[in-house]
Amino acid sequence: MNKLKFYIDGAWVDPATPSTLGIVNPATEETFAQISLGSRQDVDRAARAARRAFATWCDVSVEARLTYLRKVIEGFRARLPDLARMMTLEMGAPITFATERQATVALFHFEEAARVLAEYRFEERMGTEIVRREPIGVCGLITPWNWPLNQVASKVAPALATGCTVVLKPSEIAPLSAMLLAEIIHDAGIPAGVFNLVNGDGPVVGEAIAAHPAIDMVSFTGSTSAGIRVAKLAADTVKRVAQELGGKSANIILGDADLKTAVIEGVHACYTNGGQNCQSPTRMLIPRASRDAAFAAAREAVDSIRLGDPLDPASTMGPMVNQGQFDKIQDLIQSGIDEGATLIAGGMGRPAEVNRGYYVRPTVFGDVTPQMRIAREEIFGPVMSIMSYDTEDEAVDIANDTPFGLAGFVQSKDLDRARKIANRIRAGRVYLNGARFDRSLPFGGYKQSGNGREFGVFGFEEYLEVKAILGYRASAQ
């Protein structure tokens, strides 16, 4: 499966300089596809195409943009099984999860962008004056491998809906589903240059996007260290930077909660997408007196996981994305053992039932203290730390004792009590009692988890500038 062209200015084109990269199926460790790696010249070509297209796309009517979005939605629905299977092959998400979550939530972002666009007021009166919201311009979008379509769609959909044009760099680890989306966008008839895709790595293509003078905004999802680099490069052209970065979310189980249910659900939430999930509740905080019962419930949760071939609909967890991620997780599991945490389930090495693929044993540690590496570093794998507290104040202090602030979780039978704790957690989202992930509400972080918000109307407005027009009285009389 060779996908060696880039989508620039409405056509699939050859890269400026030939350079290829193999895409590895993490379940088999075999290369099954080839892509081209782009260069600064490719980014420049795409940025110039996007700049030309913006001159007309920004003035396309709301009704026309809605028509284009609805065609994308129609094409997405028709190819949803293909998109899901591609994500299973490129990053290992079990096919059931890839279909019901990975692909479906990506589709939602286009549906939500169309809903917001249909109702949005781009111009309003403030007193006798006018405030307008206008598309910011050319947007460089840099997306990760763990939710390869969801993160693409959460940026591309509002950018196109608001009248912006796009240069997209999907992750070079899992780019193939985004290339299928490019085909869907092309078939929807969106004008040439409005959407452009250049594959490549972060140090070359990502940095070229962040620094390019023709790009007005960069939206980045990835690690905090890479986000810092993007922001520094973007500063020279004073472009807007929106970032969704790392997380180390705490799940506070209060003393009145149903402990067994809360622990089992908390383990499964931590392991969403194999733990390769930025807002996963990786630190479970329990009352100290509940230690033994919590450990037993965690073992029960781990025993229910069906780890196996991601193309098998019965599998609930697949492999990690690549060798580097596997090695990082093994190192952190070893650190937990070395630093004296109690190994409740899992541990080092591959599961006994598999002999190939980047599979990690679902792991839970207990008696974890705030200074341990597993309590401080984002592991990005199926590893959870159980930490004990004596008072609610101590639980909140532990939850906030992190450079990250993407999400928080609170479990209690008393909603008012849970709400008071939620108000004290320094994070962009707090889920009470297993609340569902609502993609119409703002998503983003405090502290080193990023800035700006995605999803729904808040994500829509990230792509708009605000203009005040003063002295225009005629139509107000």
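Quick notes on this one:
- Positions within segment 425-477 being in contact with a strand residue (DSSP E or B) (Cβ under 7 Å, 6 or more places away or on another chain) and among the polar types (S, T, N, Q), in sequence order: Asn433, Asn451
- Here the condition is being surrounded by fewer than 19 Cβ atoms within 10 Å (Cβ to Cβ), assigned to a helix (DSSP H, G or I) and of a type in the set (A, V, I, L, M, F, W, C); of Ala50, Ala55, it holds for Ala55 alone.
- Residue within segment 375-396 that is aromatic (Phe, Trp, Tyr), surrounded by fewer than 23 Cβ atoms within 10 Å (Cβ to Cβ), in contact (Cβ under 8 Å) with a residue 12 or more places away in the chain and over 13 Å from Gln334 (Cα atoms) present: yes
- Of the residues making up segment 207-225, those that are in contact with a helix residue (DSSP H, G or I) (Cβ under 7 Å, 6 or more places away or on another chain) and in a helix (DSSP H, G or I) are Glu207, Ala208, Ile209, Ala210, Ala211, Thr224.
- Taken over segment 317-338, residues that are surrounded by fewer than 19 Cβ atoms within 10 Å (Cβ to Cβ) and outside any helix (DSSP H, G or I) amount to 1.
- Cross-chain or 6+ apart pairs with Cβ under 6 Å, segment 458-474 first and buried (at least 18 other Cβ atoms within 10 Å of the Cβ), then assigned to a strand (DSSP E or B): Glu462/Ala242; Leu464/Arg133
- Filtered by the rule that a residue be assigned to a loop (DSSP other than H, G, I, E, B), under 21 Å from the mean Cα position of the chain (by Cα) and closer than 23 Å to Ala214 by Cβ, segment 129-163 gives a lone residue, Thr143.
- Yes/no for Ala341 being at negative phi, of a type outside the set (D, E, K, R) and either surrounded by 15 or more Cβ atoms within 10 Å (Cβ to Cβ) or touching a Pro at 6+ places or on another chain (Cβ under 6 Å) (or both): yes
- One residue stands out among those in segment 99-114 that are over 14 Å from the mean Cα position of the chain (by Cα) and surrounded by 24 or more Cβ atoms within 10 Å (Cβ to Cβ): the one that is farthest from Phe76 (Cα to Cα), which is Ala113.
- Identity of the residue in segment 339-374, in contact (Cβ under 8 Å) with a residue 24 or more places away in the chain and in a strand (DSSP E or B), that ends up nearest to Gln276 (Cα to Cα): Thr363
- The residues listed here are Ala27, Ala103; of these, the one that is farther than 21 Å from Val152 by Cα, small (Gly, Ala, Ser) and in the same structural domain as Phe460 (by TED's automatic domain parsing) is Ala27.
- Residues (in contact with a strand residue (DSSP E or B) (Cβ under 6 Å, 6 or more places away or on another chain) and surrounded by 24 or more Cβ atoms within 10 Å (Cβ to Cβ)) located in segment 397-420: Ala399, Ala407, Gly408, Phe409, Val410, Gln411
The values are calculated or read from the model by the stated rules, or taken from the named source; none is laboratory data. The structure displayed is predicted, hence computed values, not measured ones. Here Cβ is always computed from backbone atoms with ideal geometry, including for glycine, and neighbour counts include all displayed protein chains.
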